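Visitor: This is the structure I have questions about; it appears just below.
Values in this text are rule-based calculations from the coordinates and carry no lab data. Small disclaimer: the values here were computed from a predicted structure and weren't measured. Here Cβ is always computed from backbone atoms with ideal geometry, including for glycine, and neighbour counts include all displayed protein chains.
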Amino acid sequence: MSNFGYVAPSTVEETLAVLQRATDQGQRTQILAGGTDVIVQFRSLDSSHRLFVDIKSLKETNDVRIENEHIFVGAAIPSGVLNENAELKALFPGLLEAADLIGSTQIQGRASIGGNLCNSSPAGDTIPALIVNSALCVIATSEGTRTVPSEKFVTGVGRNCLAAHEFLLGFQIPRPSAGTGDAYLRFIPRTEMDIAVAGAAVSLSLNHEGICERARVSIGAVAPTPLLVSSAAEALVGTTADEDALQQAAQACSDAAQPITDKRGTVEYRRKVVGVLCRRAGAIAKDRALSNRN
Amino acid sequence: MSKIYVSATVNGRPEDVLCEAHQTLLDLLRDEIGLTGTKEGCGTGDCGACTVLLDDRLVCSCLVLAPEADGKEITTVEGIADSQDGLHVVQQKLLEHAALQCGVCTPGFVVAAKALLDKDPNPDEKTIRYWLAGNLCRCTGYDKIIRAVQDAAQELTPTK
C-alpha cells in the first residue's frame, strides 16, 4: 500500500492543521510550491513516503502587495509571473534578475523565490538578493506568523529555520528609499541554466551628494550558507562607491568567503571570483541608485 | 492511501482519472490518459521533452505532480494541430526545414515554440534561442529548429 499523500489546502489555517496532524502522527510532510527542486530530489535522492502539502492554492502565497512602507511577495509565485510585474522589476531589479537567472522558460513557469530560499542551497541565486534587500521571511505558525531576517533563514546546507509544522508565506521587503539600487551577479561556466560557482548581491543608497549612506552586500556559493558581509558594506558607506571603495568591498568578500573545492571551482578561484562579482554588482547597483535619486 | 481523483481539461476535453499522489503529470498523460505524444527525456526538468502548457504556462510535466492537475487546463502536443487545417504552422515549418531527426524532443519544441509565438508573434533570433533554451536536441544542432520557428513567425506576421 502506498503511503504517499497529496493535499492542497485552501487556507493557511487548514494548511497548519494538516501539518500539525501529520507531525503528530509521525508522518513526513513535504511542502510543495513549484516543485522544481522538491520533485527532482524526490525522484533522484530520497523517494521515501510522505504527504505532499501543496501551498499554491493559498491566497497569501500568491499575493503581491505593493504598499508605501513595504512590499509583500508571496512565497509560491513562479519567477516567470514575478518577472511580468513591471512595478516589482522597477523596485528590485537585482532580485528579479536573480530569479530570472534560474532555469529555463519551463522551470520559470513553476519555480518560486520562496522555494529557492526553502531549498536552502548555498548557491540559491535569489537568497543573496533577498538578503541585501533586507527581506523578512514571513512564516505561518500555529500562533499566527513570525518573521525571520532572510540572512538568518538558512542554517546549513539544505537546512533552514522552519519547523515541521510551519511554512513560508512570503517576504516582506522594505520599499527602497530614493537613491537606492540593487544588483546580483553570479558566475557560471556557460551562459544559461547552471548552478552558481559564486554569486554576489549589492544594495546601496546614495544621498544627494552621491555619498553612500547605506549598503548591504551578500555572497553565495562560497560558504555553507549565503552570507551577509557587513565588512564589505562598511567599505562602501561614506564613500561615493568609487573604484577604490568597490575594490575594498571586493576584498572584504574574498576574505569573508569560506568556499570548498568541487567540480565547479576551487577554493582559490571562488575566493577571487566572488570579489570580482561584488565589485561589478556594486558598480551596477551604484548606477541604478544614481538614476533613482529623485 | 487511496487513489486521488483528478478532473482536468486536456486539449479541450474533460478527463477524469485516478492517480497516486507521487505520480507526475507526465505519467498521468501517458499512462492514464493515453496521450503518448509527450515524451520523457531526463525526468529532472533539464531537457524539456515533456513540455506541456498548464493553465497557459509552459512547464515540464515531469516536475508536476499528477494531483496538481486537478481543475487545470492542459495542452499537449496532441492539442496543437488544428483539426480542420491540419498541422500547426510551427509543425509544418519543422517538417519543411527538416528540423528533426529522432523526434523525441520535437513535441516539447512544438509546444514551447507555439507558446512563444502566441505571446510574441515576431520574436528575434535571440529571443527564440533563449525561450527554447530549456528544450534540448541532440540531433539537429538547433539551427534548423530556430530557422523553422523564424519561418513560422514570418508566416504568422507576413507584414514584417
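Visitor: Give the span of the stretch A:200-276's Cα atoms along each principal axis, as three whole-Å numbers ordered largest to smallest.
Guide: 46, 21, 15
Visitor: Show the residues, 5+ positions off or on another chain, whose built amide H is closer than 5 Å to the amide H of A:T180.
Guide: A:L206
Visitor: Per residue of A:98-104, count partner chain C-beta atoms within 10 Å of its C-beta, then hand back the mean as an integer.
Guide: Per-residue shielding by partner chains comes out at 3.
Visitor: What does the structure give for B:18-24 when I average, per residue, the other chain Cβ atoms found within 10 Å of the residue Cβ? Before the final figure, lay out the partial values.
Guide: Values: counts 0, 1, 4, 10, 12, 3, 4.
For peptide B:18-24, the averaged partner shielding equals 5.
Visitor: Rounding to the nearest 10 and keeping the result within 0 to 90°, find how far the Cα-based axis of helix B:143-156 lies from the longest principal axis of chain B.
Guide: Its long axis makes an angle of about 80 degrees.
Visitor: I've got another one for you. Choose one of A:Q41, A:L82, A:N160: the residue whose Cα lies farthest towards the positive end of the charge dipole of chain A (beta-carbon charges +1 Lys, Arg; -1 Asp, Glu; about the Cα centre).
Guide: It is A:Q41.
Visitor: May I pose another question? What residues have an amide H closer than 5 Å to that of A:G265, excluding those fewer than 5 places away on the same chain, when H is modeled at 1.01 Å from N in the peptide plane?
Guide: Amide H neighbours of A:G265, under 5 Å, 5+ apart: none.
Visitor: Which aspartates and glutamates, on any chain, are close to B:K3 with Cα under 16 Å apart, when same-chain ones fewer than 8 places away are left out?
Guide: B:E15, B:D16, B:E20, B:D27, B:D31, B:E32, B:E68, B:D70
Visitor: Rank by packing, highest mean first: peptides A:201-210, A:16-25, with packing defined as the count of other Cβ atoms within 10 Å averaged across residues.
Guide: My ranking of the peptides, most packed first, is A:201-210, A:16-25.
Visitor: Can you give the helix-only mean residue ellipticity at 222 nm for chain A, where every DSSP H stretch with n ≥ 4 adds -39500 (n - 2.57) and the sum goes over all residues, rounded to the nearest 500 deg cm²/dmol? Mind showing how you got there, number by number?
Guide: Values: 12 runs with 107 residues, N = 294.
Estimated from H runs of four or more residues: -10000 deg cm²/dmol.
Visitor: Then there's this: Given labels modelled 7 Å from the Cα in the Cβ direction, how far is it in nm from A:A90 to B:C102?
Guide: 4.9
Visitor: Cα to Cα, under 22 Å, and not fewer than 8 places away if on the same chain: which lysines meet these conditions relative to A:K263?
Guide: A:K272
Visitor: Could you tell me what a quarter of the Cα convex hull surface of the stretch B:89-156 works out to, in nm² with one decimal place?
Guide: For the Cα atoms of the stretch B:89-156, the hull's average projected area reads 3.7 nm².
Visitor: Once Rh is set to the Kirkwood radius over Cα pairs, what Stokes-Einstein translational diffusion coefficient, in µm²/s, holds for the stretch A:149-262 at a temperature of 25 °C and a viscosity of 0.890 mPa s?
Guide: Diffusion coefficient, whole number: 156 µm²/s.
Visitor: As a footprinting exposure proxy, order A:Y184, B:Y142 by other Cβ within 10 Å, with the fewest listed first.
Guide: Sorted ascending by nearby Cβ count, the order is B:Y142, A:Y184.
Visitor: Could you list B:H22, A:H165 in order of exposure, starting from the residue whose Cβ has the fewest other Cβ atoms within 10 Å?
Guide: Fewest-to-most ranking of B:H22, A:H165: A:H165, B:H22.
Visitor: Could you give me the ³J(HN,Hα) list for the stretch A:34-47, computed from phi with Karplus coefficients 6.51, -1.76, 1.60 and θ = phi - 60°, whole Hz, x at Gly and Pro?
Guide: Along the stretch A:34-47, the couplings run x, x, 6, 9, 4, 6, 4, 5, 4, 7, 10, 10, 8, 9 Hz.
Visitor: Based on the mean of other Cβ atoms within 10 Å per residue, sort peptides A:236-248, A:211-223 so the most packed one is first.
Guide: A:211-223, A:236-248
Visitor: Compute the relative contact order of chain A as a whole-number percentage, counting only Cα pairs closer than 8 Å that sit 6 or more residues apart in sequence. Don't skip to the end; give the middle numbers.
Guide: Details: 703 pairs, mean separation 47.3, N = 294.
Reported as a whole number, the value is 16 percent.
Visitor: Cα atoms only, the stretch B:4-79: Rg and Dmax in Å?
Guide: 10.8, 29
Visitor: If the limit is 32 Å between Cα atoms, which of A:K89/B:K114; B:K39/B:K144; A:K152/B:K126; A:K59/A:K286 go over it?
Guide: In this structure, A:K152/B:K126; A:K59/A:K286 lie more than 32 Å apart at Cα.
Visitor: With θ taken as phi - 60° and the coefficients 6.51, -1.76 and 1.60, list the Karplus ³J(HN,Hα) couplings across the stretch B:41-47 in order, rounded to whole Hz; mark glycine and proline as x.
Guide: Calculated HN-Hα couplings, in order: x, 8, x, 10, x, 9, 9 Hz.
Visitor: Ok, one more. Which one of B:L25, B:L58, B:V6 is farthest out on the positive end of the charge dipole of the stretch B:4-79, using unit charges on Cβ (Lys, Arg +1; Asp, Glu -1) and the Cα centre as origin?
Guide: Projecting each Cα onto the dipole axis, the largest value belongs to B:L58.
Visitor: Hey, fewest Cβ within 10 Å first, where do A:K272, B:K119 land in order? Don't jump to the answer; show the numbers that get you there.
Guide: Details: A:K272 16, B:K119 11.
Ranked by crowding around the Cβ, least crowded first: B:K119, A:K272.
Visitor: Identify, among A:G5, A:V276, A:C137, the residue whose Cα sits farthest towards the positive end of the charge dipole of the protein assembly as shown, taking +1 on the Cβ of Lys and Arg and -1 on the Cβ of Asp and Glu, with the dipole about the Cα centre.
Guide: In the protein assembly as shown, that residue is A:V276.
Visitor: So, with +1 on the Cβ of K and R and -1 on the Cβ of D and E, and no other charges, what is the size of the charge dipole of the protein assembly as shown about its Cα centre, to the nearest 20 debye?
Guide: For the protein assembly as shown, the charge dipole is close to 960 debye.
Visitor: While we're on this one: Restricting to DSSP loop positions (anything but H, G, I, E, B) with no more than 13 other Cβ atoms inside 10 Å of their own Cβ, which GluC sites (Glu not before Pro) remain in the stretch A:11-82?
Guide: Here the GluC sites (Glu not before Pro) that fit, given the DSSP loop and packing criteria, are A:E67, A:E69.
Visitor: Name the residue, out of A:G94, A:G114, A:G35, whose mean-square fluctuation peaks in a Gaussian network model built on chain A with Cα pairs under 10 Å.
Guide: A:G35
Visitor: Then there's this: Based only on Cα atoms, what mean projected area does the convex hull of chain B have, in nm²?
Guide: On the way: hull surface 37.1 nm².
That works out to 9.3 nm².
Visitor: Relative to the compact-globule scaling 2.2 N^0.38 Å, provide the ratio for the alpha-carbon radius of gyration of the protein assembly as shown.
Guide: Working it through for the protein assembly as shown, the quotient is 1.02.
Visitor: Next question, about the same structure. Over the whole of A:25-37, what's the average partner chain Cβ count within 10 Å per residue? Rounded to a whole number, please.
Guide: Numbers: counts 0, 0, 0, 0, 0, 0, 0, 3, 0, 3, 8, 6, 2.
That average works out to 2.
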